[in-house]
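Everything on this sheet refers to the single structure shown next.
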Amino acid sequence: MSGQATQAVAGRDQARAFAPASVANVAVGFDLLGYAVAGVGDTVTVRRIDTPEVRIAAIRGAAVDLPRQAAANTAGAALIALRQALALPFGFEIEIDKGIPLSSGMGGSAASCVAALVAANALLDAPLGRDQLYLHALDGEAVASGSRHGDNLGPMFLGGLVLSTLERLVPVPVPPNWHSLLVHPDAQLETRRARAALQGSYALGEFVAQSTNLALVLAGCHAGDAGLVRAGLRDVLVEPRRAPLIAGFAAAQQAALAAGAMGASISGAGPSVFAWFETAEAAQAAAAEVRAAFAAAGFDSQSWVTPLDSPGARLL
């Protein structure tokens, strides 16, 4: 994992950063695997203040009121963790501009957290590497989802497809021509509700099948072998329990597969749906069909087609 630090600017007291949306879980890597999605994301402005605290001055672009108390907000909680870990004598003031739809399965809570950390890092006298920032981001993500998992955070920090454990980030190479289609229906599915659907017992055979599929996908990505990915990009563990929460999902998934997708499943906690294609043209052609499936279920939708190796967060 890259540990390169952001370059601080002497005397700088304000920085602004953008973090992209992401697709988490990627069907076979629950809480472990995710990739960045270009074209949509959150922007956070951070100011260095003399008061030793973290405060949120504004949140714009959200359809509902989000927590303004720093400890209850992913961006605020991440900067609180950063301050405490480094024993900083100063504090931060945050302004958040939301660009990712709420409860969409596109990593909106994680994006605010990552953008805040990247911006705040530029204001430190000794900036940290993104591997170190990631550990503080886990504290922020836990505020939204109730657990520490990095499948959204890792790709937002590094870009591309990333395997994220609690200790490290592992970039996974993918052919540059492989593209993602992400379709977000005009609906919300709260992350905690989606996680609650996973309670209950699981058969050992389900874990074996899921592990097999994860291995096939990772091997296929490393080898650039679409056949291996096609064989493995199927969620037999989580998707069957969450799909009933998403109106139109089955038809949207089938539309993507019929259009030639290597695989298609739920993005993050849902209700968004992702699909992998071997070319940008194939992904673009499939977008209308997947959106039509959601329209038949009564939902307007948005779609994005991006390379699987799309860039991560950046300073603006």
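None of the figures in this text is laboratory data; all of them are computed from the coordinates on show. Bear in mind that the values here come from a model prediction, so they are computed numbers and not experimental data. Positions of Cβ are generated from backbone atoms using ideal geometry, with glycine treated the same way; all protein chains shown enter the neighbour counts.
Tabulated data
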read-out	value
Over the chain: helical MRE at 222 nm, DSSP H runs n ≥ 4 each giving -39500 (n - 2.57), nearest 500	-11000 deg cm²/dmol
Net charge over other residues, Cβ less than 12 angstrom from the Cβ of residue 22 (K, R count +1; D, E count -1)	-3
Amide H contacts of residue 40 (H built 1.01 Å from N, under 5 Å, at least 5 apart or other chain)	21
Long-range Cα-Cα pairs in the stretch 174-307 (distance over 18 Å), rounded percent	55
Contour minus Cα-Cα distance for residue 148 and residue 288 (0.36 nm per residue)	46.8 nm
DSSP loop trypsin sites (Lys or Arg not before Pro) with at most 15 other Cβ within 10 Å: longest gap in the chain	169-316
Most positive-pole-ward Cα, 99, 86, 109, against dipole of the stretch 1-132 from beta carbon charges	99
Relative contact order (%) - the stretch 30-94, alpha-carbon pairs under 8 angstrom, separation at least six	46
Note, ³J(HN,Hα) from phi for the stretch 192-209, Karplus 6.51, -1.76, 1.60, rounded to Hz, x at Gly and Pro	5, 5, 5, 6, 5, 5, 8, 5, x, 8, 10, 7, 4, x, 5, 5, 5, 5
Rh by Kirkwood over Cα pairs, then Stokes-Einstein D for the stretch 14-170 at 1.306 mPa s and 10 °C, µm²/s	106
Cα→Cβ-extended label distance, 7 Å offset, between residue 55 and residue 190, nm	2.9
Environment charge of residue 293, counting only residues whose C-beta is closer than 14 Å and scoring Lys/Arg +1, Asp/Glu -1	-2
Karplus (6.51, -1.76, 1.60) ³J(HN,Hα), θ = phi - 60°, over the stretch 275-281, in Hz, Gly and Pro reported as x	8, 9, 10, 7, 9, 5, 4
Entry for volume of the Cα convex hull per residue in Å³ (calculated from the structure that is shown) out of (i) 156; (ii) 146; (iii) 116	(iii)
Environment charge of residue 251, counting only residues whose C-beta is closer than 13 Å and scoring Lys/Arg +1, Asp/Glu -1	0
The chain, relative contact order [Cα under 8 Å, separation at least 6], %	25
GNM top mover of 187, 142, 87 - the chain, alpha-carbon springs below 10 Å	87
Dipole of the stretch 14-170, positive direction: furthest Cα of 77, 19, 158, with charges on the beta-carbon	19
Evaluated over the stretch 112-195, the Cα radius of gyration and Dmax, each in Å	14.6, 43
Gaussian network model of the chain, Cα within-10 Å springs - most flexible of 32, 117, 66	66
Net dipole in debye of the chain [+1 Lys, Arg Cβ; -1 Asp, Glu Cβ; about Cα centre; nearest 20]	300
Two-site FRET efficiency, residue 167 against residue 126, from Cβ-Cβ distance with R₀ of 30 Å, rounded to 0.05	0.85
Max mean-square fluctuation residue, GNM over the chain, Cα-Cα springs under 10 Å, options 96, 59, 80	59
